[in-house]
Amino acid sequence: MKAIVQSGPESIDVVEQERPSIAADEVLIQVHSTGVCGSDAHAFHYEGGYEWVQLPRIMGHEYSGEIVEVGDDVDSLSLGDRVVEEPTQTCGTCFQCKSGQSNVCQNFSVKGMHRNGSYAEYTVGNPEKIHLVPDAVPLEHAAIAEPLSVAARTVLSQSNLKPGQTALVEGPGPIGTLVASIADSIGAKVLVSGLGQDEKYRLPLVEDLGIETVNLSESDLSEVTESFTDGIGFDVVFDSTGHRSGIELGVEQVRKGGEVIVVGLPGDASEIALSPVVRSEVSINTSYGSSWENFEQALNLLEEGVVDAEDIIDTSFEVTNPEEAFSAFFRSETSKPVFSFTELSDT
Ligand SMILES: [Zn+2]
Ligand SMILES: [Zn+2]
């Protein structure tokens, strides 16, 4: 089979490999479509806190596919099942796993980071982490189930956003766009903020989804907040910038008594003046990864057509030239590249 293997910083090759064999408690999945996550692009450069990823390894963790082999001990899945898989392997025995918080398992490992991933024609799946894709959802769209589950956790589990409330989403990357889509779908009044680099691709994509945007290199956010929220400030701010300035700005734009949900990894967040945050009783919460329930929510959102996967996924990149997708991602010239593995023939 063909696979995209990273062997060093900025060093990846499309290689021919043996098809993986499965254990009795595993399944083999023929990959249909597999998405590029911001974390894949960071891991490709091997910087920004991603220096721990395993080398060499097959990259990728966002994917959809079809089951082509079922281990002898697996009863829950069948040949031909259309599936997605949660990328995080959890231990099941730590305090968090036993308490229903397996997204913050103490002993987790991530597909395509700690171990071989989904940028391949075939991948080994763990039945306990596999979800069936509803018939109405094309596998190409199901490839975004994982980032959508992260966005579902952010909006539906970690925030208290309600219909009729106002929400600011900072950062129009893939997670920000999906967070905005879900917030919009529940009837909130949503504004997405971006920078100059986002004006070519990412902000127009959000506008195409029917969601308002503001370009911070042209407009003063405080003035926009004033008119968008009738001078009150946002009920909820979602920070998906992955930068500490997002939290600082979010705390300024949220209303007194509102909440800021941090979903990006802000790197070295230095001092945020906390006294005004306390005096305004602003809640700061975080969201990390997703749960089984969030994956099911994501698949339901796709099935109901609430999230416009067709518009959000970008299929213009070739699986044989993944570097192009990574560098376009860093230039903000795409949001969610999805590779198709169906056109590569097994040899
Ligand atoms: Zn991802
Ligand atoms: Zn655990």
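The values are calculated or read from the model by the stated rules, or taken from the named source; none is laboratory data. Remember, it's a predicted structure, so these values are computed and weren't measured experimentally. In this analysis, Cβ positions are derived from the backbone assuming ideal geometry, glycine residues included, and neighbour counts consider all displayed protein chains.
Yes or no: Gly210 in a loop (DSSP other than H, G, I, E, B), within 19 Å of Lys336 (Cβ to Cβ) and assigned by TED's automatic domain parsing to the domain that holds Val282? Give the steps one after another, and end with the answer.
Values: in a loop (DSSP other than H, G, I, E, B): yes; within 19 Å of Lys336 (Cβ to Cβ): yes; assigned by TED's automatic domain parsing to the domain that holds Val282: yes.
Judged against the criteria, Gly210 is a match.
At pLDDT 95 or above, assigned by TED's automatic domain parsing to the domain that holds Thr315 and in a helix (DSSP H, G or I): is that true of Glu226 in this structure? Working first, answer last.
Working: at pLDDT 95 or above: yes; assigned by TED's automatic domain parsing to the domain that holds Thr315: no; in a helix (DSSP H, G or I): yes.
Taking the combined requirement at face value, the residue does not satisfy it.
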Can Glu146 be described as touching a helix residue (DSSP H, G or I) at 6+ places or on another chain (Cβ under 9 Å), within 16 Å of ligand 1 (Cβ to nearest atom) and either within 26 Å of Gln101 (Cβ to Cβ) or in the same structural domain as Arg279 (by TED's automatic domain parsing) (or both)? yes
Top-ranked residue of the range 40-54 - restricted to ones that are within 16 Å of ligand 1 (Cβ to nearest atom) and among the hydrophobic types (A, V, I, L, M, F, W, C), ranked as surrounded by the fewest Cβ atoms within 10 Å (Cβ to Cβ): Val53
From the list Asn300, Asn321, pick out the single residue that is touching a strand residue (DSSP E or B) at 6+ places or on another chain (Cβ under 9 Å), surrounded by fewer than 18 Cβ atoms within 10 Å (Cβ to Cβ) and either of a type in the set (Val, Ile, Thr) or within 25 Å of His61 (Cβ to Cβ) (or both). Asn321
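Counting only residues that are part of a loop (DSSP other than H, G, I, E, B), hydrophobic (A, V, I, L, M, F, W, C) and surrounded by fewer than 21 Cβ atoms within 10 Å (Cβ to Cβ), which one in the range 75-123 is farthest from ligand 1 (Cβ to nearest atom)?
Checked the range 75-123; the qualifying residue farthest from ligand 1 (Cβ to nearest atom) is Leu79.
Being within 14 Å of ligand 2 (Cβ to nearest atom), under 17 Å from the mean Cα position of the chain (by Cα) and among the polar types (S, T, N, Q) narrows it down to one residue among Gln106, Gln96, Gln89; which is it? I'd like the intermediate steps shown before the answer.
Values: Gln106 fails: under 17 Å from the mean Cα position of the chain (by Cα); Gln96 fails: under 17 Å from the mean Cα position of the chain (by Cα).
Answer to the check: Gln89.
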